[in-house]
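Only one structure is covered here, and it is reproduced in the block below.
The values are calculated or read from the model by the stated rules, or taken from the named source; none is laboratory data. The structure displayed is predicted, hence computed values, not measured ones. Cβ: placed from backbone, ideal geometry, glycine included. Neighbour counts: every protein chain shown.
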Amino acid sequence: MLLKSKKINFVWLCCLAIFAFSCSEGGDGDSSPQNDQESPNTPGGVSRLNLSQLNANDGVMMQAFYWDVEPKGEWYNIISSKIEDWKSNGINRIWLPPPSKGQSGFNSMGYDPSDYFDLGEFEQHGTIETRFGSKAELKSLIDLSHQNNIEVIADIVMGHNSGGGKQENPFRGGEEVYTLFNEMNGNASGKFNRTNEHFHPNDIHDNDEEALFFAETDLCHDQPYVREWLWERNDSFAEFLKDFGFDGWRFDYVKSFNPKYVKAWNDKVGGFSVGENFDGNGQVLKKWVEDSGSPAFDFACFYKLDEALDRHQDLTFLDRDMLRKIYPEQAVTFTANHDTEKDENPNNRISLANKLLAYAYILTHDGYPCIFISDYDNTVLNKKLQNLIAIYNGLATGAIKTLKVSEKEYIMQREGTTTNPGLILYMNIDRRANSFEVTSKWKNAQLLDYSGNVNEVLNTDANGVTTIKAPANSFAIWSLGE
Ligand code: ZN
Ligand code: ZN
């Protein structure tokens, strides 16, 4: 039913466009650009299509934390208070920080896991709650998310552990190391107690084939006991999280263990999955995706955006290798995360000045975009980001055709479908406004810039030809008006 009505609407629009009075360029005197999706541009009486009815995509993910979130013990409640706004703005998944108790207790961001089964329930490492709250508060957040059709993704840290007791390690010539995890030593739950043989080196081998990490407490997944407790048993950590309500997984630092273990985890419990393979090389990401069977964050796309926008001011970098060009269905695109935002090296971070250009890129292309909470909550970005998410969910569909790539201009068309008009993204990092003649599929039609950056109606001729525009150091996203 919905599909049919959309189709009629689209055909009707095209017919209307043929007879529509041709508007002059230059707007109608309403000069203030409006970016709020609830008060769309209406230059010359032409208004935006209703994006919420166009269903190009099902939603985007929100990374629901940044480094050292405050206040301690309140984070789950704070996120709960945001869920309804996120739902109404097109978020369909949230990625939470690692839920298990870490060695640094109330200060822990979760990346130093000690007791996998303590989600804020046992008193150890100086606290019952985790930095983010109690187990009950986490449960409430998950339930509320599900009521709003939002999936909840757990951050899985299974490469290394922290916070165990000291013990003599025969595999290290009797040296004392912190590899003892039991009820008295950082593992109050008593589930998945560990000892020196579960870490590297051990009686199987000295190390993973991959790079060394956390030398003394690097978990060995070749030990059957470790695999059993992490995902194989029916009361494993993975099953425990799934029973608790988590819908999927973000695998931390996957360079520290074999990708076959991500595959094994997902084969056992299923659900959405994305790996953090911190590598800007698209071919490395491709290989990891093939070996693990899991989507991955598109660090190649992230670094190309940084090179194109920040480092070199040269948009031809966008023409290079990225995971989303190889496996669009397996690429989770992003412009910032908890690591990049605190990195002091500007080459590992996209500057605030270029954030919207970067978001315009990921929210018009293929791949599954992840929005960073600090960007969404930034009052400078918030309304424009909400609008870009609406554009992604409404118009970012169909084949991708690159119309122009030069140092200062990048123009890309999503060709849409029979029921969806698609869009044309025009990125312009020149110091002056630019324009470009395109032959679109929109014939005798009126086009609007859905980004709100150009307050003008464009008319296409009988062949779909028109000259699209983008302001200096900005972008426009052209599509059909009605
Ligand atoms: Zn091993
Ligand atoms: Zn940068």
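Residues checked against (1) within 16 Å of ligand 1 (Cβ to nearest atom); (2) under 16 Å from Gly90 (Cα atoms); (3) assigned to a loop (DSSP other than H, G, I, E, B):
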{"residue": "His338", "(1), (2), (3)": "no, no, yes"}
{"residue": "Ile350", "(1), (2), (3)": "no, no, yes"}
{"residue": "Lys355", "(1), (2), (3)": "no, no, no"}
{"residue": "Ala358", "(1), (2), (3)": "no, no, no"}
{"residue": "Tyr361", "(1), (2), (3)": "no, no, no"}
{"residue": "Thr364", "(1), (2), (3)": "no, yes, yes"}
{"residue": "Cys370", "(1), (2), (3)": "no, yes, no"}
{"residue": "Ser374", "(1), (2), (3)": "no, no, no"}
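Restricting the search to the stretch 302-321, which residues are part of a helix (DSSP H, G or I) and of a type in the set (D, E, K, R)?
Across the stretch 302-321, the qualifying residues are Lys304, Asp306, Glu307, Asp310, Arg311, Asp319.
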- request: Quickly run through the stretch 245-277 and pick out the residues that are at pLDDT below 95, of a type outside the set (Ser, Thr, Tyr) and surrounded by fewer than 21 Cβ atoms within 10 Å (Cβ to Cβ).
  value: Lys255, Asn258
- prompt: Going through the stretch 459-480 one residue at a time, which ones are surrounded by 20 or more Cβ atoms within 10 Å (Cβ to Cβ) and small (Gly, Ala, Ser)?
  reply: Ala470, Ala476, Ser479
query: Among the residues of the stretch 188-197, is there at least one that is at pLDDT 95 or above, of a type in the set (Gly, Ala, Ser) and on the phi > 0 side of the Ramachandran plot?
result: yes
message: For the stretch 388-412, which positions are among the polar types (S, T, N, Q) and either within 21 Å of Gly90 (Cα to Cα) or surrounded by 21 or more Cβ atoms within 10 Å (Cβ to Cβ) (or both)?
response: Asn393, Thr397
task: Can you tell me which residue among Thr333, Thr364 is β-branched (Val, Ile, Thr) and under 17 Å from Ser451 (Cβ atoms)?
output: Thr364
query: Scanning the stretch 50-88 for residues that are surrounded by 21 or more Cβ atoms within 10 Å (Cβ to Cβ) and within 15 Å of the chain's Cα centre (by Cα), which turns out farthest from Thr340 (Cα to Cα)?
result: Trp86
- request: Might you let me know whether the stretch 119-134 holds any residue that is within 22 Å of Thr217 (Cα to Cα) and surrounded by 24 or more Cβ atoms within 10 Å (Cβ to Cβ)?
  value: yes
message: Just the residues that are outside any strand (DSSP E or B) and crowded, with 16+ Cβ neighbours inside 10 Å, please, taken from the stretch 160-184.
response: Asn161, Ser162, Gly163, Gly164, Phe171, Arg172
- prompt: Inside the stretch 192-295, counting only helices (runs of 4 or more DSSP H) that do not spill past its ends, which hold 1 or more residues that are over 23 Å from the mean Cα position of the chain (by Cα), touching a residue at least 60 places away in the same chain (Cβ under 8 Å) and away from ligand 2 (no atom under 16 Å from the Cβ)?
  reply: 237-244
